[in-house]
Structure formats: C-alpha cells, structure tokens
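Rule-based calculations on the coordinates, nothing more; no lab input. Bear in mind that the values here come from a model prediction, so they are computed numbers and not experimental data. Here the Cβ is made from the backbone with ideal geometry for all residues, glycine too, and neighbour counts use every protein chain on show.
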Amino acid sequence: MNCIHRRAGPAAMCALALGLLIAGPLALGLLIAGPLAGQEVAGEPAALEAIPLPPEGTPIVYVNTQAILPVAPGADSAGAAFQRVSVEFESELAAFAAEIDSLIGAYQQQQSLLDPAGRQQKEREIRDKQQEAAARQQELNVELDRRRAELLEPIVVRVNDVIEEIRAERSYSIVLDVAAGVVAADTSLDITTSVLERLGVDLAALSAQTGS
C-alpha cells in the first residue's frame, strides 16, 4: 500500500503506467463509481461532485491517484508525446521485421540453387539480422521506459505537491493511495476531488465528459 506522509517524493506514485494518461477521462470510472480502486461501474455513472475535506487533524485520509493522473494538467500532452514515441519505435521494429521476412523469402527461393557454403552464409545473414533486431528491441524498450518516466515526472511531482499542501494545511498525519489497493474505506476520508479541484480540474466538465 502506498502512502504519502509528510514530504513523500514522486516515487509514491511511480508504479502507475502512462497508459492511464493516454486513456484520459475514460479511466475515471473508478472515481465516479466509488472511492476504491478496482470497483466496477454499475449502470450510469453518478455526477462527480466535490467531497468535503475530512476534519482538520484527521490521522489518516486517502486519495485515488489512479483517478487523478489521467486528468492532471499536462496529462493529455504527455500521453500524446508517449504515443508518438511508441509509434516511431514500432515503425523501426516493423522495418526490421520486413527486412528479415525479405531475407527469409529470398533464401527460400534460392535455397535449391545454393551450395552448402552459400546456404550457410544466407542462414547466418538471417540469424545476424534477427539478433540485431532483438538487440535493438531491448534498447528501444529501455528508451521507452526512460521516456515514460520523463513524461510522468512533472505530473506526478505536481500531484504529490498538491496532496502535501492539503495534508499540511489540514494537519493530516498520513495520506494513503487507494490506487495501490484497499479493501474498504470510509468515503468521508476521500480527498481525491479536493486534489482535482486544486489542480484546476473542472469537476462538472469532467463528469459530463466521462458520462457521455
């Protein structure tokens, strides 16, 4: 279970994938259906309204970062940037696959005309190209992870800062993140909508967009 206590850093939410940002408001079914991560939407979603903050000095409150990150400022541009990088990398790997297919096709056509040394050479060329493609795929996966973290960092930092601001102002001791998994919780302890409002998210517009 993740928690934000005093001055927690961005690592408190680093496990959330950038796929949430790409998904956008559609990922907010969790927040509208109920406060707990993993709860399914039953029927039409309820209107999204601000929940009053728990009383000052409440020892433990909670937030749902899985509902916040997709609509936090910068999420749309981060998701679009990540998609562009993903498409670029996929195109490069597709070019490798096409080249390998071409080599295999040519080899199959020429195989009966080649002597043993010629076949071995062609087979080696195919293996070398396959190994090159596999190595490049590993490099691109590492780069994709780096770009994901790079795009997420300023968003996560800002969300964490807002959560810490509310915690300090209201003298809460600990803020739990239900996106990490909680079985049950009192909805009056949920500060998610307050975090959204302080981030500048229009709850009414968000509710209408999610319900459409």
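Things worth noting here:
- For the range 91-153, the direction-averaged projected area of the alpha-carbon convex hull comes to 4.3 nm².
- Cα→Cβ-extended label distance, 7 Å offset, between Arg136 and Gln121, nm: 2.3
- Pairwise label distance in nanometres, Ala94 with Asp186, each label 7 Å out on the Cα-Cβ vector: 5.4
- In the range 54-136, GluC sites (Glu not before Pro) in a DSSP loop with at most 13 other beta-carbon atoms within 10 Å: Glu56
- Total formal charge among the other residues, if their Cβ is under 13 angstrom from that of Val156, Lys/Arg +1 and Asp/Glu -1: -3
- Projected area, mean over directions - the range 88-212, Cα convex hull, nm²: 13.9
- Taking each residue as 0.36 nm, the span from Arg198 to Leu144 lengthens on full extension beyond its C-alpha to C-alpha distance by 16.4 nm.
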